[in-house]
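Please read the structure below before turning to the comments.
Laboratory data are not the source of any read-out in this text; all were calculated from the coordinates shown. Just so it is clear, the structure is predicted and the values come from calculations on it, not from any experiment. In this analysis, Cβ positions are derived from the backbone assuming ideal geometry, glycine residues included, and neighbour counts consider all displayed protein chains.
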Amino acid sequence: MKILRKLFDSTRRHFDEGGTFGAFKPLYEAMENFFYGPATRTGTAPHVRDPLDLKRYMTMVIIALLPATLAGIYFYGLRTLAIIVVSYAVGGTIEVIFAVIRKEEINEGFLVTGLLFPLVLPPTIPLWMVGVGVAFGVLVGKEIFGGTGRNLFNPALVGRCFLALGYPSEMSAVWLKPGEGLTGSLLQWYDTAAVTGATPLGQAKLGEWANIGSLLWGTTTGCIGETCAIGIILGGIFLILTKVANWRTVVSSLGSFVILAAAFNIADPDRFGPVYWHVFAGGLLLGVFFMATDPVSSPNTNGGKWFYGIIIGTVTVLIRNLTGYVEGMMFAILLGNIVAPMLDEAVVYVRLRRLQNER
Amino acid sequence: MSQITKCEIQLEGKPADSVLEMPEPRKLFIPLESVRFSFDSVEVEENRSVQPGQVLARDLNNFSVPLLAPRAGKVKLGEIKNHIVLDEITQQEEEPYDHREDEAHIPQEMGSVGLKRYKLLALGAWQFVYDAHSSKLPDPFGTPRAVIVSTVNLEPYTAQGEAQLQKRLADFTRGLEHLQSLLEYQPIYLVMPDINSEFSRQLRESIRGYAWVKPVQIAPKYPGDNFAVIARKLGFNKEKDSPVWAMRTEAILAIDRALTLSKPSTVRIISFGGPMVKEPIHLKVMPGYPLKDILAERLESGPVRIIDGGVLTGAMVSEQQKGLTAECNGLTVLQEHSEREFLSFIRPGSDRQSYGKCFLSSFRGAFKERLNTALRGELRPCVACGFCEEVCPAGIMPYLIHKTLYSGELEDVEQMRVDLCVGCGMCSFVCPSKIDLRGEFVKAQEDIERELHAEEVQS
Ligand code: SF4
Ligand code: SF4
């Protein structure tokens, strides 16, 4: 630790204004503040502050994603790790470039995007495509809006949407059978022999319902981080308990999803799958817990969050059951992102009216 | 209006209820500026001897509220910038109040009530009274809708009513009677903690039989003690020209002193606490008491920040300030942050408490923390986590006001009722993006008053 401190102190002058690497000051500061909490003091009242900062906040999301991530590595082999590394490397580079251009600090937001993005990709995806997707997601989903905090859409979903539309066959034609046993696929790069054509949601369109146990544990085909329902739920509950994810979004989207899916199922049990199956299959849970709850791209107001969740839950069921698409979560959340500002505006309008009457 | 959510700030160094009487000072350094007042109109000359209770200066923008000499002494004006220095201090009996010249200001129709109210102003008791909604000094001759008297001070750390009232409960009830004699029919709400302590039992006992005093119990959770929060809870919304008066224990004691003994209140009991104070306690002091003498030998070693008031709303005491201000009700001493912690954001954190339950401490009960002046993170754009709204006692939307302050017009900000912000500081405290929300809103309130309502004030 001392050595690291010395390294920072001895190289600082190069990164100051006018120094050799003056332009890279944001990078230097980000690294220093990463290792050593920032030296900043409060300037005015309140003189003391809560220990929670954005780094910690984002760290919580990453911790919550760990079960699903580890499950992904276990099921789909070490190549999963490579996908994550590519995602972080490309996403991080773009973040740094923009921070340098804008002369702003590097934002922690990409730490989450960089991990969330691989989890919604199929395990067979070519590595270059991972890079392209994350680049698109960060650039178009975030940076052109002005960076973290100002983005309209969830960057990970923008990247995935781009790949889904641009490379449909790579994104949905080939799937891996998950590894099994004590070591799963942990000892291999990835199992080329275990290729198959369909996910549970896809099979369902053909009238085959996967069994509930394998959906819970994740021994079905699917995107890297979307199959292990138990891991996702554990992480999601953790996020809600730490107040990082807002429970209102989760309750309203899951609730509306369950109710509507049940209604469909009752109406025509042969055509529409049972509720539990709908909940545990595909990307619903990961989307509900980790993407719909992204605070920046969801409505700010609590009232708005209720409606937002309902929109997401409802649209997902409708897409899954009534269209040719097998998966509806991604479009539902992107749609939710679009209407989020309007929902906010409506709620704010009502609240301000009430406040203004209080003169 | 939202409830006070569970976000408690537990700071080390709570002052004990006991009161330490500070030794007589040899010199007093009385700052001309305090939180609400600036005593610009100086009424004494260099080297003049003054009597205790004599007017040193007035704030002409605040109903000419006077700055009184706490002791007899010799005036030095130029010695320290923005201070009146009293040298050669001697302790003398205050001259009893006589019907002094400016009684012409009293509205005729008020009669004896007007005389009494003027006496409060002249004897320095009125400066302890607040407009509950704006926390400004109300017009002493105005008509309030109601009066709130609070014995609760929840901000860490400001003077506790309990400490100030020791052995003075009889004076307190007599002060309440005086207060009532100034009013017509308006109710007096007496705010006390909703816990069964000896103190609240005595308090309840002492006001038994006063039908005009309505006890109000509040949970001892900051910022529930804020006057505006209490007023709105009691159903008194902000209304122009019809204020709610609010005051604390010391105001009632000062009123009693003024109207029973006709003497000025210059000595007061303040809190002295915070993690860097060796023995946190209450102090009996007077305005102008040399800070040096208070702090010497009483602090832990290391860089410190002295705060006039509590940690959430108090103002930093500058190097230039040499003595206690006229309004000071507590000194809080924090350590200035200097040590950077290795990989702080991934520590388990059983030693730090947070509103967001992101630290291991969530599994243990509440404990007192040794907080310092660290910002504890880096400034970031708002991520819309919503914490600020959840903790705001005013029921407004801090993040929205913050965004509008950057992009919109001041009129829009006014529409969002930034005027309801009571400046409690909870939003800034919890914000993970470390945005100075409270500071922005306090400034916006001033800007709105100056730019949008300038004409109203003049007319
Ligand atoms: S300081 Fe913040 S929390 Fe307190 S009243 Fe104002 S906006 Fe609300
Ligand atoms: S607490 Fe800070 S980051 Fe969270 S919504 Fe409020 S202003 Fe934004």
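Treating r as the C-beta distance of B:GLU109 and B:SER301 and R0 as 51 Å, the FRET efficiency rounds to 0.25. Taking each residue as 0.36 nm, the span from A:ALA198 to A:ILE338 lengthens on full extension beyond its C-alpha to C-alpha distance by 47.4 nm. Over all Cα atoms in the stretch B:371-421, the spread is summed up by Rg and Dmax: 12.7, 38 Å. Taking chain B as a whole, the Cys residues whose C-beta sits 4.7 Å or farther from every other Cys C-beta are B:CYS7, B:CYS328, B:CYS358, B:CYS382, B:CYS385, B:CYS392, B:CYS421, B:CYS424, B:CYS431. Of the three principal axes defined by the Cα atoms of the stretch B:389-459, the extents in descending order read 42, 23, 17 Å. In plain terms, the residue of A:VAL251, B:VAL418 with the fewest other Cβ atoms within 10 Å comes first and the most crowded comes last, giving A:VAL251, B:VAL418. One decimal place: the segment A:VAL251-A:GLU345 gains 31.7 nm when fully extended, by the rule 0.36 nm per residue minus the C-alpha distance. Once C-alpha pairs closer than 8 Å and six or more residues apart are averaged by separation and normalised to the residue number of the stretch B:100-261, the relative contact order reads 38 percent. When +1 charges are put on Lys and Arg Cβ atoms and -1 charges on Asp and Glu Cβ atoms, the dipole computed for the stretch A:54-106 relative to its Cα centre reaches about 40 debye.
Efficiency by 1/(1 + (r/R0)^6): what FRET value for A:ALA39 and B:ALA219, r their Cβ-Cβ distance, R0 = 35 Å, to the nearest 0.05? About 0.40, to the nearest 0.05. Counted over all Cα-Cα pairs of the stretch A:54-350, pairs farther apart than 37 Å make up 9 percent. Extending 7 Å from Cα along the Cβ direction at B:ASN237 and again at A:TYR276 yields two label points whose distance is 5.2 nm. Largest GNM mean-square fluctuation across A:LEU241, A:LEU66, A:LEU201, computed for chain A with C-alpha springs under 10 Å, falls on A:LEU241. In this structure, B:TYR406 and B:ASN82 have a Cβ-Cβ separation that, at R0 = 30 Å, corresponds to a calculated FRET efficiency of about 0.30. Each residue in B:ASP87, A:ASP9 was given a count of other beta-carbon atoms within 10 angstrom of its own, and listing them fewest first yields A:ASP9, B:ASP87. The amide H of B:LEU299, built 1.01 Å from its N in the peptide plane, has B:LYS278 as neighbours under 5 Å, considering only residues 5 or more places off or on other chains. Model label sites at A:ARG353 and B:LYS167, defined 7 Å from Cα along the beta-carbon direction, differ in position by 6.1 nm. The share of alpha-carbon pairs in chain B lying farther apart than 37 Å comes to 27%. With the simple model of a label 7 Å out from the Cα in the direction of the Cβ, A:GLU180 to B:TRP212 spans 8.7 nm. Applying 0.36 nm per residue to the separation of A:TRP189 and A:ILE266 and subtracting their alpha-carbon distance, the gain on full extension is 23.3 nm.
Build a GNM of chain A with springs between Cα atoms under 10 Å: which of A:SER169, A:SER298, A:SER87 gets the top mean-square fluctuation? Ranking A:SER169, A:SER298, A:SER87 by mean-square fluctuation puts A:SER169 first. Note on the stretch B:100-261: Kirkwood hydrodynamic radius from all Cα pairs is 16.1 Å, rounded to one decimal.
Along its three principal directions, the equivalent ellipsoid of the stretch A:1-75 from the Cα gyration tensor extends over semi-axes of 30, 21, 12 Å, largest first.
Over every Cα atom in the stretch A:219-359, the radius of gyration and the widest Cα-Cα span, Dmax, amount to 16.1, 61 Å.
Greater than 28 Å separation of Cα atoms is the criterion. Which listed pairs, B:LYS14/B:LYS119; B:LYS238/B:LYS434; A:LYS305/B:LYS434, meet it? Those over the limit are B:LYS14/B:LYS119; B:LYS238/B:LYS434.
Once the stretch A:60-189 is represented by equal point scatterers at the alpha-carbon sites, with solvent omitted, what log10 I(q)/I(0) does the Debye formula produce at q = 0.10 Å⁻¹? With one equal scatterer per Cα and no solvent, log10 I(q)/I(0) is -0.32.
For chain B, the relative contact order comes to 19 percent (Cα pairs under 8 Å, sequence separation of at least 6). Sequence neighbours fewer than 8 away in the same chain don't count; with that in mind, list the aspartates and glutamates whose C-alpha is under 18 Å from B:LYS357. Qualifying aspartates and glutamates at Cα under 18 Å: A:ASP50, A:ASP53, A:ASP294, B:GLU8, B:GLU369, B:GLU389, B:GLU390. Size estimate for the protein assembly as shown follows the Kirkwood approach: the inverse of mean 1/r over distinct Cα pairs works out to 30.0 Å.
Across the stretch B:298-426, how large is the tail of the calculated P(r) beyond 20 Å, expressed as a percent of all Cα pairs? Of all Cα-Cα distances in the stretch B:298-426, 63 percent exceed 20 Å. Candidate cross-link partners of A:LYS103 among the aspartates and glutamates, defined by an alpha-carbon separation under 18 Å and a same-chain spacing of 8 or more, comprise A:ASP16, A:GLU17, A:GLU29, A:GLU32, A:GLU95, A:GLU143, B:GLU378. From zero up to wherever the largest Cα-Cα distance of the stretch B:34-143 sits, split into 5 Å bins and tell me the percent of pairs in each. Binned Cα distances yield the sequence 2, 11, 20, 22, 19, 14, 8, 4, 1.
Leaving out same-chain residues fewer than 8 places away, which lysines sit with a Cα under 24 Å from that of A:LYS177? A:LYS177 reaches A:LYS205.
When restricted to Cα atoms, the stretch B:412-452 yields an Rg and a Dmax of 10.6, 32 Å, respectively.
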